[in-house]
Structures are given as structure tokens and as C-alpha cells.
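The values are calculated or read from the model by the stated rules, or taken from the named source; none is laboratory data. Please read these numbers as outputs of a predicted model, since none were measured by experiment. For neighbour counting, all protein chains shown are included, and Cβ atoms are generated from backbone atoms with ideal geometry for every residue, glycine included. The protein model used for the area step is the full one, side chains on, heavy atoms only, and it has no ligands, DNA or RNA in it. Shrake-Rupley method; radii C 1.70, N 1.55, O 1.52, S 1.80 Å.
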Amino acid sequence: QVQLVESGGGLVQAGDSLRLSCAASGITFSSYPMDWFRQAPGKEREFVAVISSRATTYYADSVKGRFSISRDNAKNTVYLQMNSLKPEDTAVYYCAARMSYYISQRASDMSYWGKGTLVTVSS
């Protein structure tokens, strides 16, 4: 049974930092790309970042230069370091796994999802 469990969300002020974690089980974690998406109230789920099995990373333009995705294959965990947070970063953040060698930024391509962790950034 595949499980993705996010943690690390919370309430912060604009300009602060947070690190999200996503612990995976039930998959050969090191073999697959891992994504982070987010969904703000009343909006569609949107791509945030992806890291390939070889640790190549890609980011949405809205977070480039502020967020950093990384993975620890020994711990089956993917991280999202979020710096210089803005109120518009407020959302539920989800990690997702795609059972393919190839990366994707499309939510419809993901095979498994976590339940999400809420990040609230106050101004």
C-alpha cells in the first residue's frame, strides 16, 4: 500500500521560511520523480516543483528562486524548503509520486497523492 504523508505546514508571517516534508512508503522511492503541488482556496491545484530520480529539479515561475525541492532516498523523503514566503503562497501543499521515469508537471499524470499540509502566510 502506497502512502505519502506530508508534514511541516503551519502559520507564518510574510518573509518567513518553512520546510515541508513528505515521507513515502510502499514504493521504490529512489526510482521515481516526486512533485509538490498546491491548492489555494477557490483555485485549481497547481504545480510547484518536481525532482527527478536523478535529482534534477524544476520549479513553477511563481516560486523560482524562493523554493527548493530535495530528496533523501535513504529516508524515502522529499522536502520543500520555502523561503521569503508571501501571502499568495497560502495553500494546501500536496506531494505526489509518478510511477514513471519521466517527470511531469501535470496533476493528471500523478499516480499517488498525499493528503496535504496547510501553509498559511499572513501579511
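With N set to the number of residues, divide the alpha-carbon radius of gyration of the chain by 2.2 N^0.38 Å and report two decimals.
With N residues counted in the chain, Rg over 2.2 N^0.38 Å equals 0.97.
With labels modelled as points extended 7 Å from the Cα through the Cβ direction, what inter-label distance (nm, one decimal) is found for Ser30 paired with Lys86?
3.8 nm
Excluding residues on the same chain fewer than 8 positions from Lys43, give the aspartates and glutamates whose Cα lies under 14 Å from its Cα.
Partners within reach: Glu88, Asp89.
With every protein chain kept in place and ligands, DNA and RNA left out, what is the accessible area per residue of region 27-69? Probe 1.4 Å, answer in Å².
About 50 Å² of surface per residue is accessible.
Run the numbers on region 25-117 and let me know its relative contact order in percent, using alpha-carbon pairs under 8 Å that are six or more apart.
33 percent
Which far-off residues, 5 or more places away or on another chain, put their amide H under 5 Å from the one on Val48, with H placed in the peptide plane?
Sorted by chain and number, the residues that satisfy this are Trp36, Phe37, Arg38.
Report the full-extension gain for the segment Ser100 to Val5: residue separation times 0.36 nm, less the Cα-Cα distance, to one decimal in nm.
Full-extension gain reported as 32.2 nm.
What does a probe at Ser62 reach in region 31-47, counting residues whose amide N is under 18 Å from the point 7 Å along Cα→Cβ?
Counting backbone N atoms under 18 Å from the label point, the list is 35-47.
From the Cα gyration tensor of region 43-84, with a ≥ b ≥ c the square roots of its eigenvalues, which class applies: rounded if a/c is under 1.5, or else prolate if a/b is larger than b/c, or else oblate?
Prolate, since a/c reaches 1.5 and a/b exceeds b/c.
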